[in-house]
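Undergrad: First the structure, then my questions, so here it is.
The values are calculated or read from the model by the stated rules, or taken from the named source; none is laboratory data. Since the structure is predicted, the reported quantities are computational estimates derived from the model, not experimental observations. Cβ sites come from the backbone with ideal geometry, for glycine too, and all protein chains shown count toward neighbours. These accessible areas exclude ligands, DNA and RNA; they are computed on the full protein's heavy atoms, side chains included. Shrake-Rupley method; radii C 1.70, N 1.55, O 1.52, S 1.80 Å.
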Amino acid sequence: MLSVTRMELVDSNLPIVGCELTPKMYVSLTSDTVSTADVLNSVPIEGQFLRYTWYRIESDANAIPCNVHPSEPTTIQCDKCGNSKRFVAQSNHCSPKCYQDAWLSHHKAAHEESLRLGEEDMILPNHVWVGRRLRYQNTDPSFNPKRWMIGHTRTYTPTTKDIGYFLKLECDVICAVTFEDLKRSRTLETSRVVPLPTPFPRNLVPVIGVDVRGKSKPFTVLTYNILSDTSASDKHYGYCQPWARTWTYRKHNLLQEIVGYNADVVCLQEVQNSHLNGFLAPELIRLGYDFRYQRRTDKLDGCATFFKQNKFSFVKDYCIEFDKIAQPFVGVDTLASQRLIQNNIALIAVLQFVDPSGNLQQICVANTRLEVQLVLEGVKQDLKDVMLWQVYRLLKGMSTIAEYSKGIPMIMCGDFNMTPESVPHLLVVTGKVDPSHQDLKYDPNGILKPLAELAHDLPLVSAYSAFSRLPTDAMFAKHKMSVNSSSVEPLFTKCSKEFTGCHDYIFYTANNLSVEGLLELVEQKEVVKNVALPSPQWPSSHIALLAQFSCIPTYK
């Protein structure tokens, strides 16, 4: 006899606009057989099938969700914010503890910023948090909620019409012959539907480019580590609400953010093959992009490079598999294998401008994610020699293409997991390393010898160093302050509890490319209030970088 023993939402009980809800079913087929598969009308079991009905349930129209925990109603609000009508949306909280935590982390800073701007009515006495009780809950015992039927499929995607309402799913066992309800139903209820949080808006900041006549029309390149589902674990990102870490939720925020940047070339890292084929590729192809993809060696994720077909046509791609290059150094040494086989790759694409004037200018774009670590007895070790070697091998591959295609503009971007002014970073931007550097003294596998070969001739410059050239006007002050004065790299591109700093870069050849604009960086106070990334507003632990370039003509 067919029956449903259990029905649950695995990722989260919080329904969010645009994020599909698919319950996990536990269906009893016989006395000792339980399945999680669906039982459709077209393929009934023992003459029975499952019918689904979704309902929108009326809730108290006065309920306002908590700013921090949107599934909970507001019960307390900042007294000053409520009276002055400033920061109201950010001052609603579900409990005194929720409010006090927010006050200590960011809300107090908002009041102090208001004082700096002369808004004295926003300052609280002695900077002590004060809240007023709000009672939005409906306490009328005669309240009988209405419900509306909204769907008949197992999966339902909440819409803006559902915001503020509860959702209820009924699953009934139906006779396939008479279509009679056999009265063996299961129900599932969610919390209130909340809007999809929108990413923090970021603007393109014009910078001083090279003043040369005949430059190409500007084009933009984006790099973004989107955080794979396999990496978004509770172990590393337990501070982020579980529902905000799910791919079901994050994919919509990621797509909204990526599409909003409207980049001509989009370089993504940590892209799982199933997420590429099942979501990202179809959505971006629909918007006019083509793409190339390379999965990391023996991993589920890889690098994807998308490009607008009305701007570029594909010429050729290359893949650098660092594990294959490392094989001569490995042999039968187990420890050498653990150190050198890191599953990293680089995807290099040569693209040609689609230009009706007949200009056949090409560009070369490298997209990579380099993570080099060894875990022995639960302790992580950063392998600085292996990181340097992989960066060098990537530069060598780029140099080979530059020699073959004289004068081709080159862009190298991605998540390098290297910090500014480290030896690998200095190799990229200076073309050489200091042989006396401490990090070069440990080379147990002999991969850095001879040291004299750790060099390259590509005139690579970090795109974000252009922020250091901005005028000293107050209008540009925050952008100049968003890069480190010494390394002229972003203060941070990754923000987790384990690490906050710069790991992502866009490098370019300065002899044939000019930086015309840069996507503004994120102020740390914007992510501090979330403790760390990812968060409901930020779908990855990394932030996206984008540079606008023009090609400088070469004269022979």
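Undergrad: Can you go through Val429, Val522, Val488, Val515 and tell me which one is of a type in the set (Val, Ile, Thr), under 29 Å from Glu270 (Cα atoms), part of a helix (DSSP H, G or I) and in contact (Cβ under 8 Å) with a residue 24 or more places away in the chain?
TA: Exactly one residue qualifies, and that residue is Val429.
Undergrad: Taking the range 10-33, which residues are open to solvent by 30 Å² or more (accessible area, probe 1.4 Å) and at pLDDT 85 or above?
TA: Residues satisfying the conditions are Glu20, Thr22, Lys24, Tyr26.
Residue-wise test of (1) open to solvent by less than 10 Å² (accessible area, probe 1.4 Å); (2) at pLDDT below 90; (3) touching a strand residue (DSSP E or B) at 6+ places or on another chain (Cβ under 6 Å).
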site	(1), (2), (3)
Ser487	no, no, no
Lys494	no, no, yes
Gly501	yes, no, no
Ser514	yes, no, yes
Gly517	yes, no, yes
Leu521	no, no, yes
Glu526	no, yes, no
Asn530	no, yes, no
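Undergrad: How many of the residues in the range 97-109 are at pLDDT 75 or above and open to solvent by 50 Å² or more (accessible area, probe 1.4 Å)?
TA: Residues that pass the stated criteria total 4.
Undergrad: Condition test on Lys441, is it open to solvent by 10 Å² or more (accessible area, probe 1.4 Å), in contact (Cβ under 8 Å) with a residue 60 or more places away in the chain and out of contact with any strand residue (DSSP E or B) (no Cβ under 7 Å at 6 or more places or on another chain)?
TA: No.
Undergrad: Pairs, please: C-beta under 9 Å, at least 6 apart or cross-chain, first residue closer than 14 Å to Cys413 by Cα and among the β-branched types (Val, Ile, Thr) and in the range 208-230, second in a loop (DSSP other than H, G, I, E, B) and open to solvent by 10 Å² or more (accessible area, probe 1.4 Å)?
TA: Thr220/Asn262; Thr220/Asp264; Val221/Asp264
Undergrad: Taking Leu388 as meeting all but one of (1) modelled with pLDDT under 95; (2) of a type outside the set (Asp, Glu); (3) over 30 Å from Asp290 (Cβ atoms), write down the number of the exception.
TA: (1)
Undergrad: Out of Lys324, Lys316, which single residue is without any contact (Cβ under 8 Å) to a residue 40 or more places away in the chain and assigned to a helix (DSSP H, G or I)?
TA: None of the other options fit; the residue is Lys324.
Undergrad: Kindly check whether there is at least one residue in the range 85-94 that is exposed (fewer than 13 other Cβ atoms within 10 Å of the Cβ), modelled with pLDDT of 75 or more and within 31 Å of the chain's Cα centre (by Cα).
TA: No, there is no match, as no residue in the range 85-94 is exposed (fewer than 13 other Cβ atoms within 10 Å of the Cβ), modelled with pLDDT of 75 or more and within 31 Å of the chain's Cα centre (by Cα).
Listed here are the residues, each with its yes/no results for (1) part of a strand (DSSP E or B); (2) crowded, with 18+ Cβ neighbours inside 10 Å.
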position: Val266; (1), (2): yes, yes
position: Val271; (1), (2): yes, yes
position: Phe279; (1), (2): no, no
position: Ala304; (1), (2): yes, yes
position: Val332; (1), (2): no, no
position: Arg339; (1), (2): no, yes
position: Asn343; (1), (2): no, no
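Undergrad: Please go through the range 209-235 and give me each residue that is surrounded by 22 or more Cβ atoms within 10 Å (Cβ to Cβ) and of a type in the set (Ser, Thr, Tyr), ordered by number.
TA: Hits for the range 209-235 are Thr223, Tyr224.
Undergrad: Filtering the range 451-475 down to residues that are of a type in the set (Asp, Glu) and part of a loop (DSSP other than H, G, I, E, B), which residue is surrounded by the fewest Cβ atoms within 10 Å (Cβ to Cβ)?
TA: Asp473
To keep it simple, each residue is scored yes or no on (1) crowded, with 21+ Cβ neighbours inside 10 Å; (2) polar (S, T, N, Q); (3) in contact (Cβ under 8 Å) with a residue 24 or more places away in the chain; (4) closer than 19 Å to Leu204 by Cβ.
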{"residue": "Asp504", "(1), (2), (3), (4)": "yes, no, yes, yes"}
{"residue": "Leu533", "(1), (2), (3), (4)": "yes, no, yes, no"}
{"residue": "Ala547", "(1), (2), (3), (4)": "yes, no, yes, yes"}
{"residue": "Thr554", "(1), (2), (3), (4)": "no, yes, yes, no"}
